Amino acid sequence: MSDQTINTQSSLPILMPRRADSHKGDYGRALLVGGSRGMSGAISLAGMGCLRSGAGLVTLAVPEVCLDTVAQFEPSYMTTPLSCDGGGRLNVAAQERLAELADAATCVACGPGLGRTRQLADLVVWMYEVLPQPIVFDADALYALAQRSDRLNEAAGPRILTPHLGELKRMLAVSEINQQEAELRAAQWAAHHHAVVVLKGHATVVTDGLRSTHNATGNPGMATGGTGDVLTGVITALICQGMNPFDAARLGVMIHGSAGDKAADELGQVSLIASDIVRFLPAAFKEMEG
């Protein structure tokens, strides 16, 4: 699959202990872009996952029609309204404001609850091509990138994509692919585009085309809506705290899966929902510190 395969949890990076005199600015500014009318929960889960994973400041940039709903989920993140269309989804008029917000961001995430329109595809590809900050692309942002695959050869900064198998097939424009071939093609895509790909699923694969790792945490109870949105927030927060994209992705999937395992131990797999993973992130991080 790649030049180097890493399979041991012992090789995972660690977060450095926080200095006694540190402040919120030391742990990065996260900007999460997404949400739409009827899909406010996705970006909110990403924001809560980002907060619980240690980002110093978290801002959710969402369509103005759903800002109040998003803000009510969690008082610890900030929200800012963006221009939207009649369907409650972001439109290209949001680009100028997004550029201003990104200037102050350590890391950007895009996709949870975003929706799908031609204007959104143009907006997402503009982010991919132009913004110099590391960007985590997930969910509907991956759909948008697949629609403009001919424009993904040049990126202005580090890019992390988090597809599940179906989303990877769309990115590759193939209808059928087995797991082994999917892992190979994900590594090839990552190498060609100088990106990190997180192929989500059982034994999630993280690859930059040169190195690949299989994650050992997680359980079938996490196969429920919103869990991927939480992962987007976790990876974004780790990058905000100084980790490079590959390390942030592989530590992020481990912590995310560990939180899911702890949630399943207490609640059972059948009843597990995405917000439970957010709730158990502190225990997963505490165990990692130990």
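Bear in mind these aren't lab numbers, they're just calculated from the coordinates by the rules spelled out. This is a predicted model, so every value here is computed, not measured. We place every Cβ from the backbone using ideal geometry, glycine too, and count neighbours over all the protein chains shown.
Okay, here's what the table says:
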{"read-out": "Highest-MSF residue in the chain out of 228, 88, 35 [GNM, Cα springs under 10 Å]", "value": "88"}
{"read-out": "Residue-averaged 222 nm ellipticity for the chain, from DSSP H runs of 4+ at -39500 (n - 2.57), nearest 500", "value": "-13500 deg cm²/dmol"}
{"read-out": "Cα gyration tensor shape for the stretch 159-290, rounded if a/c is under 1.5, else prolate or oblate", "value": "oblate"}
{"read-out": "Exposed GluC sites (Glu not before Pro) absent: longest stretch of the chain, with sites in DSSP loops and at most 11 other Cβ within 10 Å deemed exposed", "value": "1-153"}
{"read-out": "Gain upon complete extension [residue 174, residue 126; 0.36 nm per residue less C-alpha separation]", "value": "14.8 nm"}
{"read-out": "Spin-label model distance (nm) - residue 69 vs residue 151, 7 Å beyond Cα toward Cβ", "value": "2.8"}
{"read-out": "Net lengthening on full extension, residue 116/residue 210 (0.36 nm per residue, minus Cα-Cα)", "value": "30.6 nm"}
{"read-out": "Reach of residue 286 by Cα under 26 Å, taken over lysines that are not fewer than 8 positions away in the same chain", "value": "24, 200, 262"}
{"read-out": "Summed side-chain charge close to residue 203 - residues other than residue 203 whose Cβ falls under 14 Å, Lys, Arg +1, Asp, Glu -1", "value": "0"}
{"read-out": "Among 19, 170, 37, residue whose mean-square fluctuation peaks in a GNM of the chain (springs only between Cα atoms under 10 Å)", "value": "19"}
{"read-out": "Dipole magnitude of the chain about its Cα centre (Cβ charges: Lys, Arg +1; Asp, Glu -1), debye to nearest 20", "value": "40"}
{"read-out": "Potential extension, residue 165-residue 266 segment - 0.36 nm per residue separation minus Cα distance", "value": "33.5 nm"}
{"read-out": "Fluctuation leader among 121, 139, 99 - the chain, Gaussian network, Cα springs under 10 angstrom", "value": "99"}
{"read-out": "Share, in percent, of DSSP beta bridges within the stretch 25-289 that are antiparallel, nearest 5", "value": "25"}
{"read-out": "Read-out Cα extents along the principal axes in Å, derived from the coordinates shown; its label in (i) 80, 39, 38; (ii) 47, 45, 39; (iii) 56, 43, 40", "value": "(ii)"}
{"read-out": "Relative contact order of the chain, pairs being alpha-carbon contacts under 8 Å that are 6 or more residues apart, as %", "value": "21"}
{"read-out": "Förster radius 22 Å - calculated FRET efficiency between residue 103 and residue 78, Cβ distance, rounded to 0.05", "value": "0.90"}
